[in-house]
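First the structure, in the form of structure tokens, and then the observations on it.
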Amino acid sequence: MSTPAARSRPSEDGLIRSSSSPPSGSETAAERLTDDLLVEILSRVPAKSLCRFKCVSKHWLGLTNDRNYRRKLPQTLTGFYQGNQLVDSGVPFTNVSGSRHLTHPAFLPNRRQVKIMDCCNGLLLCSSYVAGDHGDVFRYIVCNPATEEWAEFPYCGYSGLVANARLCFDPAVSPHFHVFLLPVADICITGVHVYSSETGSWVHKEKRWSGTIDVANDRSTVYLNGYLHFCAIVDGSDGRLAAVDKEGGARTNFRVPDGLDVGFIQLSQGCLHYAGFDTDDDNVVRLLVYVLKDYDRKEWILKHSVETSHLLGGRHIEYLDEDFDWIAIHPECDLIFFAVAQEDITFMCYDMDSGQVKVMCNLEDSNQAYFPYVPLYEELQSLHK
């Protein structure tokens, strides 16, 4: 096994920065074998424990920061990109410890006002204006901050309103990604536009749901089993999930657990999760989390229940839709991230296993979208300059 030629230090947002001190060329075969053994040990550590390591040797830290070795480690949530706003300089990033900073995608040339629109399995979907001979031209960009690879493609040409623009990517299934646009007219979805990195083109399919359907106010979506899932209003009734496949053809919708308000969906530990609030006969508001372990049967199982007053330090919030914003459910463990408008707007984390609530940091604006980011250190043929 050859010694890595250079050390790389991925930052928390996944951007690779080279170290000024390369490894010694005198590393022995025994030392390399020990390194491989350490990687094997770390790869078996649960992600929840791995991301909480505080006391490790400098050698271990250097090893886990090396790009060649990191590819062998389990990838885990590092933080959250702030999206849905045009920025001329850096993009806000909040890591899982609560510290915040700006990231600068300098590897994207000639870009002005980049806006992050979605994030999926290590890839970012961005919109941007590219300097052209006749002025700025709108483009979509899909990039991997961890490898600094990117690909751009034109807008599909649709001139009406779009309810959602979503990136769908599953590296365990395919190296290619898809981008979904859901056009709307008179509040209803009229069809779907899908871009495929494999074909390099857009396809458009007309509406195929049996009734009228619209995207609900919640911004969360999940890509699972080749389908984009989103919270929907079907024939005027909420409490549904809708799904469309990557060809834009097959459409379906199914019920979420009854009685839940302010629904939110996420993919965690390989299963679709649905979280929401329920008020009992004594006007006690509880947060409920359901999991769809058997996707084919569409049977929801209650996973967790907690009074919202526990999450909010004993406070009772009457209008959750005004004071509470979902951010994410951790993809590998039972952590819920959310924002609460109190005297300040607070980014918080709740551990369903221990019942502990942690204040992470203060935010300037809770109405912004926060996209969970898990770095991907694999080079992809679908991303090229």
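The values are calculated or read from the model by the stated rules, or taken from the named source; none is laboratory data. These numbers were taken from a predicted model, which means no experiment stands behind them. So basically every Cβ, Gly included, is an ideal-geometry build from the backbone, and we count neighbours across all protein chains shown.
Of all residues in segment 192-213, those satisfying the criterion of being modelled with pLDDT under 90 and either surrounded by fewer than 18 Cβ atoms within 10 Å (Cβ to Cβ) or outside the structural domain of Val291 (by TED's automatic domain parsing) (or both) are Lys205, Glu206, Lys207, Arg208, Trp209, Ser210, Gly211, Thr212.
Each residue in segment 165-215 was checked for being touching a residue at least 12 places away in the same chain (Cβ under 8 Å) and in a strand (DSSP E or B), and 30 of them qualify. Scanning segment 224-241 for residues that are buried (at least 20 other Cβ atoms within 10 Å of the Cβ) and touching a residue at least 40 places away in the same chain (Cβ under 8 Å) returns Leu228, His229, Phe230. In this structure, is Asn84 in contact with a strand residue (DSSP E or B) (Cβ under 6 Å, 6 or more places away or on another chain) and at pLDDT 85 or above? No; evaluated as a whole, the condition is false for this residue.
Residue count for segment 97-149 satisfying the condition of being in contact with a Pro (Cβ under 7 Å, 6 or more places away or on another chain), more than 23 Å from Val173 (Cβ to Cβ) and among the aliphatic types (A, V, I, L, M): 2. Of the strands (runs of 3 or more DSSP E) that lie entirely inside segment 303-385, not one contains 3 or more residues that are at pLDDT 85 or above and more than 15 Å from Gly98 (Cα to Cα). Within segment 156-186, being over 22 Å from Val222 (Cβ atoms) and surrounded by fewer than 17 Cβ atoms within 10 Å (Cβ to Cβ) holds for Gly157, Tyr158, Ser159, Gly160, Leu161, Ala185, Asp186.
Among the residues of segment 244-289, those that are in a strand (DSSP E or B), small (Gly, Ala, Ser) and either modelled with pLDDT of 90 or more or outside the structural domain of Gly191 (by TED's automatic domain parsing) (or both) comprise Ser268, Ala275. Residues in segment 154-171 that are modelled with pLDDT of 90 or more and out of contact with any Lys or Arg (no Cβ under 7 Å at 6 or more places or on another chain): Arg166, Leu167, Phe169, Asp170, Pro171. When residues in segment 113-139 are screened for being modelled with pLDDT of 90 or more and either touching an Asp or Glu at 6+ places or on another chain (Cβ under 7 Å) or more than 20 Å from His193 (Cα to Cα) (or both), 3 of them pass.
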